[in-house]
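S.K.: For reference, the structure I am asking about is given below.
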Amino acid sequence: MSTYLDCNATTPVESEVLDAMVRYLTEEYGNAGSRTHEFGVRAKQAVERAREQVAAVVAARRDDVIFTSGATESNNIVLLGLANSVEGATRRHIVSTAIEHKAVLEPLEHLVKQGFEVTLISPDESGRIDAQAVLDAVRSDTLLVSVMHANNETGVVQPIEAIAAGLSDAVWLHVDAAQTFGKLIAPLQNSRIDLISVSAHKIFGPKGIGALVSRRREGRRAPLSPLMFGGGQERGVRPGTQAVHLIAGFGVAAQMTLRDHEQRQAACLRFRDGVLTAMAKLGGRVNGDREHCLPHVLNVSLPGLNSEAAMVTLKGVLALSNGSACTSTSYEPSHVLVAMGLGRDRIESALRLSWCHLTPEVDWPQACERLRRMM
């Protein structure tokens, strides 16, 4: 059986998370909106407890957390909801980056068609965005700055703290933290970050649930117009019956990120050493700044090797990818690596390896031998 090395796409579910989900599927199956009986009351309590658990990871308040289906929906609520607000009617400029996930880039493309102006900052060859370039792009009519915390393809961590420190109070700041929530703790606890998008399935929780953290700043939240209507749940921003079992599982997963953070980081760093050693034997070149990279991700180009062919060759040994899961059906070059200015050969030979504290040891000699035969 293949060893799974695609944790940036999704992670396995922790047993404690699964136990919580099963309880709210089989025993406590009430609707959190039903206030007339104890089943609904207990479901509501589970939702609010999970809200506290998620908020604690980023040092936010319970009522700052809006449950969504995941970071993609959260990103859309921020970008489209803010654009549709009163402020969006008068300030119609947004600053973002060329390496964002499609869940940000595609809503931005939609807003351009609606008359917004979008400035996308490109990274250097290391995959890092220059914080000052972001700040210099801000104008008097800038509504929002949206910068991902770490890139999903390279694992390179972006300077969100420097951006937050340099922004004027008039501009809202959004961070897509799908890859860093519960993994890089301190940076996301910065109260100057107004909006944070999160997915549970990146932190060993279930798919189909996530959150938008919307902080108050000086007593005021970003004015988000809802994209859907009906029911008024989640402060009217995201209506619909709450998926209590998913929310409860998300809460447990969030709580575990704080409890087990150091242990998980240490395990990922140990595994990383083995990956680097194996890739070095094949002449691999790391794409992205190794000094500013998540401990569980590497994007590596292997000379003379097509990544699509490599993934076929490694079937039964390693399960990995050559980019974002959301664009895996596309054979177009990675927009992230293109934005970094890498050459065609290096892009076409790039593989993304991402692991976690649950990843078993890999038979690297076997994997390397298979790849070497193709080079």
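The values are calculated or read from the model by the stated rules, or taken from the named source; none is laboratory data. Owing to the predicted nature of the structure, the values given are computational and were not obtained by experimental measurement. Please note: Cβ atoms are built from the backbone with ideal geometry, for glycine as well, and neighbour counts cover all protein chains shown.
S.K.: Among the residues of the range 145-162, are any surrounded by fewer than 16 Cβ atoms within 10 Å (Cβ to Cβ), without any contact (Cβ under 8 Å) to a residue 12 or more places away in the chain, not aromatic (Phe, Trp, Tyr) and not assigned by TED's automatic domain parsing to the domain that holds LEU358?
M.R.: Checked against the condition, which is being surrounded by fewer than 16 Cβ atoms within 10 Å (Cβ to Cβ), without any contact (Cβ under 8 Å) to a residue 12 or more places away in the chain, not aromatic (Phe, Trp, Tyr) and not assigned by TED's automatic domain parsing to the domain that holds LEU358, the range 145-162 yields no hits at all.
S.K.: Also, quick follow-up: Taking the conditions exactly as written (more than 24 Å from LYS183 (Cβ to Cβ) and either assigned by TED's automatic domain parsing to the domain that holds GLY232 or at pLDDT 95 or above (or both)), does ASP63 satisfy them or not?
M.R.: yes
S.K.: Can you tell me which residue among PHE250, PHE204 is on the phi > 0 side of the Ramachandran plot and crowded, with 18+ Cβ neighbours inside 10 Å?
M.R.: PHE204
S.K.: (1) closer than 16 Å to ARG61 by Cα; (2) small (Gly, Ala, Ser); (3) out of contact with any Ser or Thr (no Cβ under 8 Å at 6 or more places or on another chain): which one isn't true of GLY232, the others all being true?
M.R.: Answer for GLY232: the failing condition is (1).
S.K.: Considering only the range 130-144, state which residues are touching a residue at least 60 places away in the same chain (Cβ under 8 Å) and surrounded by fewer than 19 Cβ atoms within 10 Å (Cβ to Cβ).
M.R.: Answer for the range 130-144, where residues must be touching a residue at least 60 places away in the same chain (Cβ under 8 Å) and surrounded by fewer than 19 Cβ atoms within 10 Å (Cβ to Cβ): there is none.
S.K.: Starting from residues that are in a strand (DSSP E or B) and not hydroxyl-bearing (Ser, Thr, Tyr), keep the ones in the range 172-202 and report whichever is farthest from ILE94 (Cα to Cα). Reasoning before the result, please.
M.R.: Going through the range 172-202, the residues in a strand (DSSP E or B) turn out to be 172-176, 195-199.
Subsequent filtering for residues that are not hydroxyl-bearing (Ser, Thr, Tyr) retains 172-176, 195-196, 198.
Values: TRP172: 10, LEU173: 10, HIS174: 11, VAL175: 13, ASP176: 15, LEU195: 14, ILE196: 16, VAL198: 21 Å.
So the residue we want is VAL198.
S.K.: Could you check how many residues of the range 287-315 are under 27 Å from ILE99 (Cα atoms), buried (at least 17 other Cβ atoms within 10 Å of the Cβ) and either modelled with pLDDT under 95 or of a type in the set (A, V, I, L, M, F, W, C) (or both)?
M.R.: 9
S.K.: Just need a number here: residues in the range 203-243 that are closer than 14 Å to ARG51 by Cα, small (Gly, Ala, Ser) and part of a loop (DSSP other than H, G, I, E, B). Can you show your working first?
M.R.: First, pick out the residues of the range 203-243 that are closer than 14 Å to ARG51 by Cα: 209-215, 233-235, 242-243.
Imposing the further condition that a residue be small (Gly, Ala, Ser) reduces the set to 210-211, 214, 243.
From the residues that got through so far, the ones that are part of a loop (DSSP other than H, G, I, E, B) too are 243.
Number of matching residues: 1.
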